[in-house]
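Shown next, in structure tokens, is the structure this report addresses.
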Amino acid sequence: MLKRHSLLIAALGFSVFASLPSVFAQTAPAMKLLEIREGVEKRLKPTSPQVMAVRSQSSTSPGIEVTIQPGSDSYPGVHIKPESAVWNLIAYGHIEASVVNTGQKPINLALRVDNAGDGSADTTNTESVSIAPGETKTVKVLFGYAYGYKRAYALKPASVVNLVLFTGKSEGVQSFRLLSVVAAGPAGEKPPVAPEAVRTIPERGLLLGAGARPLVAGQVAALQGAQPTLTATESGQSLQIVFPASGAASSVSVRPTVGRWDLRDFLEVSVRVRNTGQTPTTPKVRLESDGGASEWVSSAKPLAAGETGVILVPFAGSEALTLNKPETLTRINSDAVSGVTIAREPGAGESRLRIEAIQAEMPHTPMPAWLGKRPPVSGDWVKTLDEEFNGPTLDTKLWSISGENYWDKTSHWSRENVLLSNGVVKLRYQKKTGHNNDDPVQKPSDYASGYLHTYDRWAQRYGYFEARMKLPTAPGLWPAFWMMPDRGNRADPQGKRQDTANGGMEFDIMEHLTRWGRGRYNIAMHWDGYDKDHKSLGSDKVYVQPDQDGFITAGLLWTPGSVVYYCNGREVLRWDSPRISNVPEILMFTLPMGGWDNSPLEDARLPADFVIDYVRVWQRKDLASPADGRK
């Protein structure tokens with residue numbers, strides 16, 4: 001739950017249309033936002049001493065020369081201020097900057113457009129473009145869109161207070177010349193739809209076979225001599241593939257008509273295949289996506305002539321994610337599946353296969369008996385917290401429901417949005433005007449939510465931490481179960497007590513963006529602050545199956561130098577490092593809106609609840625310390 005100012009780096013190098021010429025009809029002449037003339041430097045402010053910005057003295061190469069020296073600035077660049085307090089750009093749809101790379105290496109250049117605020121993604125729109133040495137390109141920000149022209153913060157064109165042109169952290173000298181900055185395009189301008197951005201949700205997950213929409217020839221691609229043929233059947237359609245005797249690397253891919261398949265409601269793809277040839281053959285399948293390919297999965301044994309088998313390809317890999325072994329990280333984006341590829345294990349002779357069905361599925365996986373009753377590993381453990389939410393009121397000696405909302409800036413915490421009933425607590429997100437912490441002195445906002453944490457009430461260093469939760473499904477929400485340091489010295493300010501440097505760390509045990517669907521979430525660790533020294537590791541592709549009641553049970557096993565994350569009793573990610581936190585940590589449950597890869601909020605889908613059934617914590621006796629427990 002890092003304050004996502006650093007998410008700007010996610011945009012660097014990711015440009016869909018930023019370098020394309022404008023094709024929009026304009027309702028007003030383009031407006032110059034920066035005149036390249038004497039004294040222009042007064043409106044430029046470098047982000048750090050690494051950056052120098054001066055007006056070019058060359059009559060043949062006018063512009064602003066920006067040079068960035070190597071250093072620690074994570075986003076070095078230059079701020080551009082309006083001549084008055086704001087730019088009123090209500091008549092326009094975008095801002096674009098024309099830039100030439102004057103350096104010796106490619107650069108990823110981002111343009112950020114700001115309303116008043118802290119410069120985070122909650123008050124800005126950002127796009128970026130990659131520019132080769134000597135190349136001139138235009139980076140364009142459409143109001144209300146960011147990071148590849150996805151819907152984002154609804155920027156107010158009438159009150160633009162700042163622009164920033166910046167790159168990523170510089171290990172060598174980078175330089176560019178800013179040629180122009182203009183506002184253009186009609187008010188309310190929308191980005192064109194890139195073909196690869198189109199998403200198709202197949203009914204019941206059916207991609208081929210009975211009940212599926214028939215494939216057309218353009219959806220089937222052959223490589224290395226494979227020969228595919230689509231055949232109509234009584235119940236639908238099948239795909240016949242002939243693999244040549246010499247084509248060990250031959251394959252066939254089944255693809256969407258356009259764009260990608262959105263399979264976020266599923267966790268695996270099932271392929272039913274029949275050997276229609278004369279020799280035993282071992283078929284194999286993998287999935288392709290924008291994030292990368294899955295592992296190859298082969299049939300359990302060679303299929304004899306006439307034999308049928310089913311191959312299950314899960315989105316998650318065959319082993320738990322291990323951050324010390326990057327090759328184990330899952331790469332499939334379930335909402336951006338670009339193909340299902342069928343091949344065969346090497347063998348002699350020609351092979352013939354008939355693909356009878358391809359279907360995305362949500363499997364049923366039984367929960368282990370130990371879940372919720374003990375830690376997942378042996379040891380001399382003692383239960384140190386057992387919160388069932390069964391009482392008539394919340395235990396305020398353990399839980400606090402107030403604090404600052406650092407994450408979305410557009411919601412307020414309210415005691416009325418922490419609901420206790422029937423053995424669960426619900427953090428409810430709804431459209432309701434009010435003040436943060438129900439304090440009328442604080443700034444009002446139009447959305448209310450609940451907040452639950454144990455700061456200044458309970459903390460523990462090391463142990464096993466587990467919560468059973470049901471995630472909301474309304475678009476645009478960001479529920480999380482996480483932990484932050486609390487050194488416990490009441491004489492220190494909160495920033496020092498909760499510093500993620502000096503041995504501290506943020507643990508994101510379960511961080512979910514509702515756009516991903518109910519079977520995927522993020523696990524992460526953040527340390528050394530949230531500015532230039534910030535570091536992080538984790539994975540946003542943790543795939544899990546909710547239980548029969550729609551809940552997931554997420555856990556963290558934290559011991560000196562090691563963390564192991566679990567979901568529904570299955571290990572999903574681990575990391576071993578001497579840098580792992582050695583500071584007591586508190587528990588936190590938050591439900592803001594937004595996040596770094598989410599859909600826009602939809603008022604019609606509110607209210608929405610983040611439901612917490614229980615929170616349980618154990619401590620291994622030999623790791624217990626006086627810092628553990630209630631304060």
If contacts are Cα pairs under 8 angstrom and at least 6 residues apart, what is the relative contact order of region 286-375 in percent?
-> 33 percent
How big is the Rg/Rh ratio for the chain, C-alpha atoms only, Rh by Kirkwood, two decimals?
-> 1.00
Output the Cα-based Rg and Dmax of region 244-285 in Å, rounding Rg to one decimal and Dmax to a whole number.
-> 14.3, 39
Per DSSP H run of at least 4 residues, take -39500 (n - 2.57); add these up for the chain, divide by its residues and hand me the 222 nm value, nearest 500 deg cm²/dmol.
-> 0 deg cm²/dmol
How much FRET efficiency would the formula 1/(1 + (r/R0)^6) give for LYS42 and ARG579, where r is the Cβ-Cβ distance and R0 is 51 Å, rounded to 0.05?
-> 0.70
Theoretical gain in end-to-end length, GLN104 to THR396 [0.36 nm per residue, Cα-Cα removed] | 99.1 nm
Quickly rank 621-628, 87-94 as a protection proxy: mean count of other C-beta atoms within 10 Å, highest first.
-> 87-94, 621-628
List the relative contact order of the chain as a percent without decimals, with contacts defined as Cα pairs under 8 Å and 6+ residues apart.
-> 13 percent
Measuring from its Cα centre, region 497-631 shows a charge dipole (+1 at each Lys and Arg Cβ, -1 at each Asp and Glu Cβ) which, in debye to the nearest 20, is 320 debye
Of 105-112, 604-611, ordering from highest average Cβ density within 10 Å down gives 105-112, 604-611
Cut-off 20 Å, label 7 Å out along Cα→Cβ of LYS190, residues of region 148-165 by amide N = 148-157
What FRET efficiency comes out for the pair ASN489/LYS32, r = Cβ-Cβ distance, R0 = 45 Å, nearest 0.05?
-> 0.25
Which percent of the accessible heavy-atom area of region 210-356 goes to carbon and sulfur, probe 1.4 angstrom?
-> 49 percent
Please go through region 168-233 and write out the GluC sites (Glu not before Pro) that DSSP classes as loop and that have at most 11 other C-beta atoms within 10 Å.
-> GLU171
Using only Cα atoms, locate the centre of region 386-414 and the centre of region 63-118, then give the distance between them in Å, rounded to an integer.
-> 40 Å
Estimated dipole of the chain in Debye, rounded to 20 [Cβ of Lys and Arg +1, of Asp and Glu -1, Cα centre] = 240 debye
Quick one: with all protein chains in place, what share of the accessible area of region 398-451 is carbon or sulfur, to the nearest percent (1.4 Å probe)?
-> 48 percent
Pick out, from VAL252, ALA232, LEU263, the residue whose Cα sits farthest towards the positive end of the charge dipole of region 230-280, with +1 on the Cβ of Lys and Arg and -1 on the Cβ of Asp and Glu.
-> VAL252
Loop trypsin sites (Lys or Arg not before Pro), region 457-499 (other Cβ atoms within 10 Å of the site Cβ: 13 or fewer; DSSP) | ARG490
Which of rounded, prolate, oblate describes region 410-553, given a ≥ b ≥ c as roots of the alpha-carbon gyration tensor eigenvalues and a/c under 1.5 marking rounded, otherwise prolate only if a/b is larger than b/c?
-> oblate
Over the chain, average the accessible area per residue using a 1.4 Å probe and give it in Å², no decimals.
-> 43 Å²
Residue farthest toward the positive end of the dipole of the chain, with Cβ of Lys/Arg at +1 and Asp/Glu at -1: which of VAL129, TRP413, GLY372?
-> VAL129
Could you give the semi-axes, largest first, of the ellipsoid that matches region 72-201, computed as the square roots of 5 times the alpha carbon gyration tensor eigenvalues and rounded to whole Å?
-> 23, 19, 14
Before anything else, pin down the relative contact order of region 56-128: Cα pairs under 8 Å, at least 6 apart, normalised by residue count, whole percent.
-> 16 percent
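The values are calculated or read from the model by the stated rules, or taken from the named source; none is laboratory data. In this text the structure is predicted, and so the values were computed from the model without any measurement. Heads up, the Cβs are rebuilt from the backbone with ideal geometry, glycines too, and the neighbour counts pull from every protein chain shown. To get the accessible areas, we keep the full protein, side chains included, count just its heavy atoms, and leave off ligands, DNA and RNA. Shrake-Rupley method; radii C 1.70, N 1.55, O 1.52, S 1.80 Å.
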